[in-house]
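Scroll down for the structure; my scribbles are underneath it.
The values are calculated or read from the model by the stated rules, or taken from the named source; none is laboratory data. None of the values given here were measured: they were computed from a predicted structure. As a convention, Cβ positions derive from the backbone with ideal geometry for all residues, glycine included, and neighbour counts pool all protein chains shown. Protein only, heavy atoms only, side chains kept; ligands, DNA and RNA dropped before computing areas. Shrake-Rupley method; radii C 1.70, N 1.55, O 1.52, S 1.80 Å.
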Amino acid sequence: MKFATVGTGWITSAFIDAAQHSGKLSLHSVYSRSKEKAEQLASKYHVSSIFTDLDKMAKSEEFRVVYIASPNSLHFEQVLAFLKNKKHVICEKPIFSNIAEFEFAYKVAEENGVYLFEAMRNIHYPNALLLKKNINALGQIRSAMFQYIQYSSRYDAFLAGQEPNVFSRNFSGGALVDLGVYPLSLAVFLFGKPIDSHYYPVLLRNGVDGAGTLVLKYNDFNITILCSKISHSYIQSEIHGEKGSIVIDSVSEINHTEFHDHHTKATSVLSTSQLEQNMAYEIDSFVEIIERNDLQAYASLKQLSADVLSITETSRRQNDIVFKSEQK
């Protein structure tokens, strides 16, 4: 299937590279408000079709799928433009700012007979599936600690008085929605939606969360999620059970996982090798759903995205973190 892209950042190039590796999607068009940036990306991948007018692009009949990787606050309006023109949409995480946008967009997708996906890559990895398959080896789960703490390349600019998109409520930014969604999505993928949650943010001068701790409450255990864009961590993530623990190298990459048996003290590797272009796995999943009209798989992904978004929205409400798009 031919696809188009919205956005010219590194994540867009990573998606295009993964699409080429997958072979399931073929790049046809690119969009940017800047003609120069659009031409640069198009030249890199040897395509001739560029757009600087989003509405004109949405009306094009030359492609069936669009990948959107624009600032978070723009997702809703851009997604709707393509859905209304009967394009399947793959929108980079976080898919929307709140559940109201989510429910409306999925309604529009259904009305137009097209699919809407959130590009949350880590839950599609082979190692995520292996992790879920082997979770029972832990016995009764008692706790877990997932972290994504990575010093942002844009934080220095923020410290210098600027307000980059990822640190701006105007663009629906912040640590939880930018990085925290990776460990949160993995937690929901493995254990389902928690019965309760609470977020303890580290707020910056403009009221956006630069870091925070999210606690997810389940019936017999809690999961602690640490996220930050203003510091860096070198520890791994863990799931703790009565029979053993699983260590995860990275919640966003999941390249290596190990099971540590409490009783025998033995350690076994659970993971397998994965593609460097790891976004290919989500592309394969999305295309398969479209081609097979797999409504069950689609509903499962939709529910996971809804659960994650409802938690991040609740977390923000708990701390009066309101995005510009939500202000009346």
For this session: Return the whole-Å distance between the Cα centroid of the stretch 177-204 and the Cα centroid of the stretch 44-79.
Result: 30 Å
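Average the reciprocal distances over every distinct pair of alpha-carbons in the stretch 289-328, invert the result, and give the Kirkwood radius in Å. It would help to have the intermediate numbers written out before the result.
Details: mean 1/r = 0.0827 Å⁻¹.
Taking every pair of different Cα atoms in the stretch 289-328, averaging 1/r and inverting gives 12.1 Å.
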For this session: List, largest first, the extents of the alpha carbons of the stretch 236-319 along their principal axes, each in whole Å.
Result: 46, 38, 23
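What Kirkwood Rh does the stretch 174-328 have if only Cα atoms enter the pairwise 1/r average? Answer in Å. Kindly include the intermediate steps, with their values, before the conclusion.
Numbers: mean 1/r = 0.0569 Å⁻¹.
Answer for the stretch 174-328: a Kirkwood hydrodynamic radius of 17.6 Å.
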Seminar exercise, completed: In this structure, the FRET efficiency calculated for Asp294 and Ile99 from their beta-carbon separation, with R0 = 25 Å, to the nearest 0.05, is 0.55
Exercise. If you count, for each residue, the other Cβ atoms within 10 Å and average over each peptide, how do 140-148, 312-320, 25-33 line up from highest to lowest?
Worked result: 25-33, 140-148, 312-320
Problem set entry | Additional length obtainable on full extension of the chain from Lys35 to Ala266, 0.36 nm per residue less Cα span | 77.4 nm
For this session: Can you check what the net charge comes to around Gln303, using other residues whose Cβ is under 13 Å from the Cβ of Gln303 (Lys, Arg +1; Asp, Glu -1)?
Result: -1
Exercise. Spin-label point model (7 Å from Cα, Cβ direction): what's the Ser143 to Glu253 distance in nm?
Worked result: 2.7 nm
Problem set entry | Ile11 accessible area, assembled protein chains, probe 1.4 Å, Å² | 30 Å²
For this session: Note down the net charge around Ile50, summing +1 for each Lys or Arg and -1 for each Asp or Glu among other residues with Cβ under 14 Å from its Cβ.
Result: +1
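Would you mind classifying the stretch 78-163 by shape? Square roots of the alpha carbon gyration tensor eigenvalues, ordered a ≥ b ≥ c; an a/c under 1.5 is rounded, otherwise it is prolate if a/b is larger than b/c and oblate if not. If you can, show how the numbers build up before the last one.
Details: a/c = 2.60, a/b = 1.18, b/c = 2.21.
Since a/c reaches 1.5 but b/c is at least a/b, the shape of the stretch 78-163 is classed as oblate.
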Exercise. Simple spin-label model, 7 Å along Cα-to-Cβ: Tyr200 to Gln318 in nm?
Worked result: 1.0 nm
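Nearest 500 deg cm²/dmol is fine: what mean residue ellipticity at 222 nm does the chain get from its DSSP H runs of n ≥ 4 alone, each adding -39,500 (n - 2.57), divided by its residue count? Don't skip to the answer; put the middle values down first.
On the way: 10 runs with 111 residues, N = 328.
Theoretical 222 nm ellipticity from helices: -10500 deg cm²/dmol.
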For this session: Sort Asp209, Asp294, Asp220 from largest to smallest accessible area, using a 1.4 Å probe on the heavy atoms of the protein chains.
Result: Asp220, Asp294, Asp209
For this session: Quick one: what are the phi-derived ³J(HN,Hα) couplings along the stretch 265-274, Karplus 6.51/-1.76/1.60 with θ = phi - 60°, whole Hz, x for glycine and proline?
Result: 6, 7, 10, 10, 7, 9, 8, 10, 6, 10
For this session: Quick one: which residues, 5 or more positions from Ile149 or on another chain, have an amide H under 5 Å from its amide H? H modelled 1.01 Å from N in the peptide plane, none for Pro or chain starts.
Result: Ser228, Ser233
